[in-house]
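Any read-out appearing in this document is the output of simple, stated calculations on the displayed coordinates, not a laboratory observation. Everything numeric here is computed off the predicted structure, so don't read it as measured data. Because the Cβ atoms are built from the backbone with ideal geometry, glycine has one as well, and the counts that use them run over all protein chains shown.
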Amino acid sequence: MKLSLGMNLKTTPFATALLLSTSLVYADANNEALIDQKGDANLIQVLQLNDMNSTRIDQNGNQNEAGVGQAGDENLALINQQGNEHSVMSVQDGYNNTLESNQNGGNHNVDVAQFGDANSILVDQKGQSNDVAGIQEGFSNSYRVEQNGQDNLSMFEQYGDHNEASLDQQGNGNQSASLQEGEFNITSTTQHGHDNASFVSQHGVENLATVSQNGNGNMAGICQFGENHVADVNQQGHGNMARVIQGSF
């Protein structure tokens, strides 16, 4: 089962400008770009507009790619690529947004965009061919993901203020998607095993959703509409299916 939220982040204006830029590094006043490359055929592109943005990129390996576009003030992008054929694409438009991405192994991909202020994304990838894609629009949203294994997929969308989402994937072929619209919603997903699938959709205020999958081939879906809903799905074993719908839309 392939999860999809319909995102196409590489068509955003800032991402397009970054990809079409002929300069490897472009900076406006008071911005900082620190780059360290070791290996062969690595590529870095940085586009910084406005003031006091900071990008720090460390590549150690071969054929790694990193692209950062920062339009606004005091945005921070920290990218660490260890291994071969990793890719990170990041767009930050606003004030005090933070991305930290750590990739170890081979062929990991991160494609994220942040619009607004004080949003944060933390990505930690180990193994082979793990993917993360997501977008944040609003104020003080946070997303944290850890992937350890192979062919795991994480997709997320956050719209509003003070939403939190976290994901822990350990194994191979796990897929997770989360959508948050509103304020103070919390999503926590854990997938330990292989080929598990999880989808969480929250629309409203102060909803809490927790998914825990331990085993193989489990599927879970949670949809929350309104305020103060709580859903907790715990799956142990193989081939289990669960669906929770709270509120009306």
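Over the stretch 32-168, what number does the Rg to Rh ratio reach, with both radii from the alpha-carbon atoms and Rh per Kirkwood?
0.96
Using the 10 angstrom Cβ neighbour count as an exposure proxy, how do Phe184, Phe199, Phe156 rank, fewest first?
Fewest to most other Cβ atoms nearby, the residues stand as Phe184, Phe199, Phe156.
Using amide H atoms built 1.01 Å from N in the peptide plane, name the residues 5+ places from Asn234, or on other chains, whose amide H lies under 5 Å from its own.
The list, which skips near neighbours in sequence, is Ser212.
Using Cβ contacts closer than 10 Å as the measure, can you line up Met52, Met155 from fewest to most?
Going from sparsest to densest Cβ surroundings: Met52, Met155.
Going by the alpha-carbon gyration tensor, a ≥ b ≥ c the square roots of its eigenvalues, is the stretch 45-96 rounded (a/c under 1.5) or, if a/c is not under 1.5, prolate (a/b greater than b/c) versus oblate?
Since a/c reaches 1.5 and a/b is larger than b/c, the shape of the stretch 45-96 is classed as prolate.
Sort 29-42, 216-229, 84-97 by packing, meaning the average of other beta carbons within 10 Å per residue, with the highest value first.
84-97, 216-229, 29-42
With contacts defined as alpha carbon pairs under 8 Å and 6 or more residues apart, what's the relative contact order of the chain in percent?
10 percent
Mind listing the long-range amide H neighbours of Gly204? Cut-off is under 5 Å, sequence gap 5 or more, other chains count too, H placed in the peptide plane at 1.01 Å from N.
The list, which skips near neighbours in sequence, is Glu181, Gly182, Glu183, Gly226.
Using modelled backbone amide H atoms (1.01 Å from N, in-plane), which distant-in-sequence or interchain residues come within less than 5 Å of Ala220's amide H?
Ala197, Ser198, Phe199, Ala242
As a check on your grasp of the helix formula, calculate [θ] at 222 nm for the chain: sum -39500 (n - 2.57) over DSSP H runs of n ≥ 4, divide by the residue count, round to the nearest 500.
-1000 deg cm²/dmol, from helical runs alone.
Normalise the Cα radius of gyration of the chain by 2.2 N^0.38 Å (N = residues in it) and let me know the number.
Dividing the Cα Rg of the chain by 2.2 N^0.38 Å gives 1.01.
Counting only C-alpha contacts under 8 Å and six or more residues apart, can you give the relative contact order of the stretch 42-138 as a whole percent?
22 percent
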